[in-house]
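Nothing in this text is a laboratory measurement; each read-out follows from the coordinates by a stated rule. None of the values given here were measured: they were computed from a predicted structure. In this analysis, Cβ positions are derived from the backbone assuming ideal geometry, glycine residues included, and neighbour counts consider all displayed protein chains.
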Ligand SMILES: NC(=O)c1ccc[n+]([C@@H]2O[C@H](COP(=O)([O-])OP(=O)(O)OC[C@H]3O[C@@H](n4cnc5c(N)ncnc54)[C@H](OP(=O)(O)O)[C@@H]3O)[C@@H](O)[C@H]2O)c1
């Protein structure tokens, strides 16, 4: 494991879905989970988000709670963590609200994405585009770059494809999974880890290190074992 600690923070329904079949369908707001997410994100130097999530949600999470902002200041962190979107294709609409949020923005991408995408020159003015491989994103290069830039704590907010890629690369140290007391169903609704999947005897195992219950909602903290 690297010196950078990487924590996944995701919420899923009791039937294991991170969104409904229609990812843009509005969700009921959930104060306990929002507070948990804000606290976890407030610990980060950098928040990683997949392009699919930014395309579905339009913008990223920002820290507003004054106590969390004060704690960041005491720790010598900037008011908001850097938000880094992972997008091999760079196929990101220029009118995404994310691109005008008052935060430091990075985009991890590939040379192929930079060369193929006609928006790249404009995107470059709105975010720092970081080329991390010819056609495939090289997580070793990403982590070396983050370490060189003084990043110690990464919080990754999904979605499932980004989580699968980080897990495959052996970069996830721990997980905070919220279990919402609701069932979305739908065989095409996404789950916390997409990708190709693992055969059971090669699947990453987890150790449960902490649990919290707020009403019917569960917050589970796991450490990755292998
Ligand atoms: N409940 C929750 O806590 C939660 C949290 C987050 C998201 N979600 C939901 O999850 C859904 C999105 O999940 P998703 O799995 O479709 O998308 P995602 O993981 O957010 O994004 C996938 C995209 O990220 C880029 N990417 C990921 N790994 C990459 C790699 N190794 N190299 C290059 N690019 C990489 C690719 O972008 P390009 O296509 O640009 O190449 C890929 O298409 C949305 O419905 C969202 O609302 C729910």
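Could you please let me know if residue 197 is exposed (fewer than 15 other Cβ atoms within 10 Å of the Cβ) and either outside any helix (DSSP H, G or I) or in contact with a helix residue (DSSP H, G or I) (Cβ under 9 Å, 6 or more places away or on another chain) (or both)?
Yes, satisfied.
Being near the ligand (Cβ under 8 Å from one of its atoms) and either out of contact with any helix residue (DSSP H, G or I) (no Cβ under 8 Å at 6 or more places or on another chain) or over 19 Å from residue 165 (Cβ atoms) (or both) is the filter here; which residues of the stretch 1-16 pass it?
11, 12
With the condition kept exactly as written, say whether any residue in the stretch 40-54 is more than 24 Å from residue 194 (Cα to Cα) and within 16 Å of the ligand (Cβ to nearest atom).
No, there is no match, as no residue in the stretch 40-54 is more than 24 Å from residue 194 (Cα to Cα) and within 16 Å of the ligand (Cβ to nearest atom).
Return the residues of the stretch 189-205 that are away from the ligand (no atom under 11 Å from the Cβ) and either touching a residue at least 40 places away in the same chain (Cβ under 8 Å) or at positive phi (or both); say none if nothing qualifies.
Of everything in the stretch 189-205, just one residue is away from the ligand (no atom under 11 Å from the Cβ) and either touching a residue at least 40 places away in the same chain (Cβ under 8 Å) or at positive phi (or both), namely 197.
Show me the helices (runs of 4 or more DSSP H) found entirely inside the stretch 1-84 where at least 1 residues are over 16 Å from the mean Cα position of the chain (by Cα).
Because the criterion is at least 1 residues that are over 16 Å from the mean Cα position of the chain (by Cα), the helices (runs of 4 or more DSSP H) in the stretch 1-84 that meet it are 31-42, 66-74.
Is it the case, given these coordinates, that residue 25 is within 11 Å of the ligand (Cβ to nearest atom) and free of Cβ contacts under 8 Å to residues at least 12 places away in the same chain?
yes
Here is a yes/no grid of residues against (1) surrounded by fewer than 21 Cβ atoms within 10 Å (Cβ to Cβ); (2) under 28 Å from residue 147 (Cα atoms):
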| position | (1), (2) |
| --- | --- |
| 8 | no, yes |
| 14 | yes, no |
| 49 | no, yes |
| 71 | yes, yes |
| 77 | yes, yes |
| 84 | no, yes |
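Give all pairs with beta carbons closer than 7 Å in which a residue from the stretch 36-48 that is more than 9 Å from residue 68 (Cβ to Cβ) meets a residue that is in a helix (DSSP H, G or I) and within 11 Å of the ligand (Cβ to nearest atom); count only pairs at least 6 apart in sequence or on separate chains.
From the stretch 36-48, the pairs are 48/162.
Only helices (runs of 4 or more DSSP H) wholly contained in the stretch 87-176 count here; list those with 2 or more residues that are surrounded by 15 or more Cβ atoms within 10 Å (Cβ to Cβ), more than 9 Å from the ligand (Cβ to nearest atom) and touching a residue at least 24 places away in the same chain (Cβ under 8 Å).
111-116, 120-126, 139-148
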